[in-house]
């Protein structure tokens, strides 16, 4: 019989994710997919998986899982505080961004993310999950994905793919940027905002609020004044769009974004800074910096070199 | 006519067909959408993640590792897709609807606002040949038009927190179908037992942008015994 993880505690918002489910947005299905692409790929790399293999994404407090069956090579990526409890009761402090072997009866307890929002758990060979329209990404709002499109639940068994050998241990030294500058390109409705608000947007700090999840990040700061119209004809949404509803406070649309929307967009986050953005926790402050497409594209080339 | 192509961030473009919300404008959007989908299928275009039509725009999201906005814009500009015929890609769909007062939650409001009897409203609704402008909000949820002027009424002042799946609503010249239970502010005229969306199917949505829809009135008994294939 295949090995599995028994879920003893699901954590706050643990879902299976891969790179996303595409070619369905015109039917109302958001792409979903991992929030932090870099950490997602690192956790796969550490256990020798293909970089697009599905992983378990967790936010803030992660799950407590017990392995039942054959030993498995596992990795936890991110800035994570976690423990491994051996079957005999020994407690080992977990090391993130480094793969490790666990045996039948061992437990992994992901206590919390540190100064960050998301982390990933990968297992060599991957989780045995049913793809839905080509992806194992979970879109909880629409109940789309494996395990009925829901978050991880207590008591669930998550089976692992059978593999002949569990692979070799590996570690990667990661450097986490501390700076709070997020680069953006001007949005489609940039000129809907007053001159003062355009300046404020790039000079004032904006605070990440608690109303932040996989769908969007609500910010709080200097109110942005719309001088044209606070509603536009609904149009397709791309992740990283910074929309400004009638109250003048920005909402950045993230991986589970609505497919269409009718608020004006002042800016779009560049791809190279998206991972950094989604890791900002409530209370942290960010500052937007305007760049052009050439800079964004060259930043992207640098970003992919990290993988 | 395609008026303007703009970049959205570093991994998207907006193809803008002007400010008008009309079938004529939307047909042009959908021609480009069909052309992009065909080009993906025939592998003439790589790296496209999603292509989302709305009333007057097509928003394309791409993988920056595979294609750049400049290449994509050049590809669109160098191809003539305007002569493609929508009916070759799109279909007519008949959707059963039950106008029973149990389902038509806003009969009174509709009658008051339009000064028509519900029977007259239903007749006009059934006569309308609807065009699917776009799909979104929740999976499979169509925005269709156009209703005649005499049926145009505003959104509810207070949206409902929960509407049953299958509810058919009208606002202004548009008609929608709530493909899932969800909140909503449209005036509810009836309900369909017809499932619009199933993610486990290869083609999850019964409707595509550009399709046409006609409603067919069914009794409450037919509603209750209706079987989705």
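Values in this text are rule-based calculations from the coordinates and carry no lab data. Everything quoted here is computed from the prediction, not taken from an experiment. Cβ sites come from the backbone with ideal geometry, for glycine too, and all protein chains shown count toward neighbours.
Could you estimate the translational diffusion coefficient of chain B from the Stokes-Einstein equation, with Rh from the Kirkwood formula over C-alpha pairs, at 20 °C and 1.002 mPa s, in whole µm²/s?
113 µm²/s
Between residue A:154 and residue B:202, take the C-beta separation as r, use R0 = 30 Å, and let me know the FRET efficiency to the nearest 0.05.
Approximately 0.35, to the nearest 0.05.
Taking every DSSP beta bridge with both residues inside chain A, roughly what % is antiparallel (nearest 5)?
95 percent
Counting only other chains, and only Cβ atoms inside 10 Å, what mean value do you get across the residues of A:14-27?
Other-chain Cβ atoms within 10 Å of each residue's Cβ, averaged: 5.
With angles folded into 0 to 90 degrees, how steeply does helix B:118-127 sit against the dominant principal axis of chain B? Use alpha carbons for both and round to 10.
It works out to around 30 degrees.
Could you tell me what % of all Cα pairs in the range B:92-225 have separations over 18 Å?
50 percent
Taking Cα pairs under 8 Å and at least six residues apart, what relative contact order does chain A come out at, in percent?
Here the relative contact order equals 20 percent.
When chain B is treated as a GNM, springs tying every alpha-carbon pair under 10 Å, which of B:133, B:81, B:99 comes out with the largest mean-square fluctuation?
Maximum fluctuation in the GNM of chain B, among the listed residues, is at B:81.
What is the P(r) of chain A, as percent of Cα-Cα pairs per 10 Å bin from 0?
Going from the shortest bin to the longest, the percentages are 6, 27, 33, 21, 10, 3, 0.
Would you mind giving the average projected area, over all directions, of the Cα convex hull of the range A:4-159 in nm² with one decimal?
For the range A:4-159, the mean projected area of the Cα convex hull comes to 8.3 nm².
Would you kindly give the portion of the calculated P(r) for the range B:167-228 that falls above 20 Å, as a percent of all Cα pairs?
34 percent
Could you please tell me the mean projected area of the C-alpha convex hull for the range A:181-305, averaged over all directions and given in square nanometres to one decimal?
That works out to 7.1 nm², a quarter of the Cα hull's surface.
Can you give me the Cα centroid spacing of the range A:241-307 and the range A:59-110 in angstrom?
Each part's Cα centre sits 33 Å from the other's.
Quick one: Debye curve from the C-alpha atoms of the range A:98-160, no solvent, what's log10 I(q)/I(0) at q = 0.21 Å⁻¹?
At q = 0.21 Å⁻¹ the computed log10 ratios are -1.15.
What is the mean number of Cβ atoms from other protein chains located within 10 Å of the Cβ atom of each residue in peptide A:229-235, rounded to a whole number?
Counting other chains' Cβ atoms within 10 Å and averaging over A:229-235 gives 5.
How far is helix A:37-46 tilted off the main Cα axis of chain A, in degrees rounded to 10, range 0 to 90?
Here the helix axis deviates by roughly 20 degrees.
What angle do you read, to the nearest 10 degrees and between 0 and 90, between the alpha-carbon axis of helix A:293-305 and the longest principal axis of chain A?
Value to nearest ten degrees: 10.
Hey, how many Å between the Cα centroid of the range B:141-170 and the Cα centroid of the range A:153-206?
About 37 Å separates the Cα centre of the range B:141-170 from the one of the range A:153-206.
Mean residue ellipticity at 222 nm from the helices of chain A, using -39,500 (n - 2.57) per DSSP H segment of n ≥ 4 over the full residue count, to the nearest 500 deg cm²/dmol?
That calculation yields -4000 deg cm²/dmol at 222 nm.
Round to the nearest 0.05 the FRET efficiency obtained for residue B:158 and residue A:287 when R0 = 25 Å and r is the Cβ-Cβ distance.
The pair residue B:158/residue A:287 has a calculated efficiency of 0.05.
If I model a spin label as a point 7 Å beyond the Cα along the Cα-Cβ vector, how far apart are those points for residue B:73 and residue A:294 in nm?
So the two model labels end up 1.4 nm from each other.
So if we plug the beta-carbon distance of residue B:20 and residue A:70 into 1/(1 + (r/R0)^6) with R0 = 56 Å, what FRET efficiency do we get, rounded to 0.05?
Approximately 0.35, to the nearest 0.05.
In a GNM of chain A with a 10 Å cut-off on Cα contacts, which of A:226, A:49, A:88 has the highest mean-square fluctuation?
Residue with maximal mean-square fluctuation among A:226, A:49, A:88: A:88.
Spin-label point model (7 Å from Cα, Cβ direction): what's the residue A:174 to residue A:304 distance in nm?
Distance between label points: 2.1 nm.
When N is the residue count of the protein assembly as shown, what does its C-alpha Rg come to as a fraction of 2.2 N^0.38 Å?
Dividing the Cα Rg of the protein assembly as shown by 2.2 N^0.38 Å gives 1.03.
Picking from A:77, A:194, A:112, which is most flexible by a Gaussian network model of chain A using Cα springs under 10 Å?
Top of the fluctuation ranking is A:194.
Kindly put A:184, A:132 in sequence by how many other C-beta atoms sit within 10 Å of each C-beta, fewest to most.
A:132, A:184
Sum -39500 (n - 2.57) across every DSSP H segment of at least 4 residues in chain B, then divide by the residue count to get the 222 nm mean residue ellipticity, nearest 500.
The helix-only estimate for chain B comes to -7000 deg cm²/dmol at 222 nm.
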